[in-house]
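The values are calculated or read from the model by the stated rules, or taken from the named source; none is laboratory data. Just so you know, these numbers come straight off a predicted model, no measurement behind them. With ideal geometry, Cβ positions are generated from the backbone for all residues, glycine too; neighbour counts draw on all protein chains shown.
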Amino acid sequence: MKRKKRYVLECLGLRIGLDFPNFENKQIILNDFYERFVDYWSSFFVDYKFERVDWKLSWQTDDLLKWKLEGKTRWLKWLEEDGNIWRIESFCSIENINFLLGQLWIKLLWTNEGLVLHGSAVEKDGVAYVFVAESGVGKSTVAKILEEQGFQHLTDDVVFLRKIRDKWVLSGSPLIEKEYKPVKWQGDKFKIFLLSRGNDVTTRVVSEKKQLDLLLRQVFIDYKENFTIQRVISLIKSVSISELRVNIHYKDKIGRVIL
């Protein structure tokens, strides 16, 4: 078995290489998988030397059936971590690829001046609007309401941020989330809203101490780590953050209030 199917994906300047098996004469059997993979992630493809990527995913299998049983199982096995390479065996479903990419980009962000927040985000006129809150408060609902009002979807559940050249930069989601495809977008102009329920639609300034407390609760990975706290403090000092109280019965007001 030769390894010829190689792709490099980039998000926030971090590059992941995917080293897919090539089953030579049986390749036509896999074309539907590769077509779907390209459809989802082609906007993240970059022309970059595979040997120099930040992390590699390498499939260790010569069993076409193990590779091909799309949607039958989520079977996934890590064989080893070798330097910056994950050697794995898995049924190569889009679901597994999405899971692995999510794990890797989170890992890379935590080792490269990044943050990953539990939140949703939309964009309009080059500015992103991020909604951070616990599950069930209404992040996705608010984002969908704004999409109906002309805002563009960026991410539904996970917000990727990285400090690049002393500026915090936000990315559209590089992952499949519910019915949404990965979104290629990157910018350093964004506002963060700490979302809560209210009787109307209003914003208000909150203290940096409260911002820190609320944001730390929505950080992926253990927020007690000192470097995590320092990164969140850096974000607070660099970005507009306020509380947004929302009553979705007044949905027409949300877009006007956040702009």
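The condition (being of a type in the set (V, I, T), at negative phi and in contact with a Ser or Thr (Cβ under 6 Å, 6 or more places away or on another chain)) is satisfied by just one residue among V206, V183: V183.
Filtering R204, R231, R197 for residues that are among the charged types (D, E, K, R), within 22 Å of S135 (Cα to Cα) and either buried (at least 17 other Cβ atoms within 10 Å of the Cβ) or without any contact (Cβ under 8 Å) to a residue 60 or more places away in the chain (or both) leaves a single hit, R204. The single residue among S120, S140, S135 that is surrounded by fewer than 22 Cβ atoms within 10 Å (Cβ to Cβ), in the same structural domain as V219 (by TED's automatic domain parsing), free of Cβ contacts under 8 Å to residues at least 60 places away in the same chain and closer than 14 Å to L215 by Cα turns out to be S135. On the given criteria, is K163 under 17 Å from R256 (Cα atoms), in contact (Cβ under 8 Å) with a residue 24 or more places away in the chain and crowded, with 17+ Cβ neighbours inside 10 Å? The answer is no for K163.
The single condition among (1) under 21 Å from the mean Cα position of the chain (by Cα); (2) exposed (fewer than 13 other Cβ atoms within 10 Å of the Cβ); (3) at pLDDT 70 or above that D32 does not satisfy is (1). Could you tell me whether S238 is under 23 Å from the mean Cα position of the chain (by Cα), modelled with pLDDT of 95 or more, over 18 Å from S120 (Cα atoms) and in the same structural domain as F160 (by TED's automatic domain parsing)? The answer is yes for S238.
Residues that are of a type outside the set (D, E) and closer than 25 Å to C11 by Cα are absent from the range 195-206 altogether. Considering D47, D62, the condition of being over 29 Å from E179 (Cβ atoms), at pLDDT below 90 and assigned to a loop (DSSP other than H, G, I, E, B) is satisfied by D62 alone. Filtering the range 87-143 to residues that are out of contact with any helix residue (DSSP H, G or I) (no Cβ under 9 Å at 6 or more places or on another chain) and at positive phi leaves D125, G126, G136.
Of all residues in the range 88-140, those satisfying the criterion of being β-branched (V, I, T), closer than 29 Å to Q230 by Cβ and in a strand (DSSP E or B) are V116, V122, V127, V130, V132. Taking (1) closer than 30 Å to F99 by Cβ; (2) surrounded by fewer than 15 Cβ atoms within 10 Å (Cβ to Cβ); (3) in contact (Cβ under 8 Å) with a residue 40 or more places away in the chain in turn, K178 satisfies each apart from (3). Every condition in (1) touching a residue at least 12 places away in the same chain (Cβ under 8 Å); (2) assigned by TED's automatic domain parsing to the domain that holds W59; (3) polar (S, T, N, Q) is met by Q103 except one, and the failing one is (1). Any residue at all in the range 222-229 that's modelled with pLDDT under 95, under 25 Å from the mean Cα position of the chain (by Cα) and on the phi > 0 side of the Ramachandran plot? Scanning the range 222-229 turns up no residue that is modelled with pLDDT under 95, under 25 Å from the mean Cα position of the chain (by Cα) and on the phi > 0 side of the Ramachandran plot.
Only a single item in (1) touching a residue at least 40 places away in the same chain (Cβ under 8 Å); (2) closer than 15 Å to L12 by Cα is not met by F151, and it is number (2).
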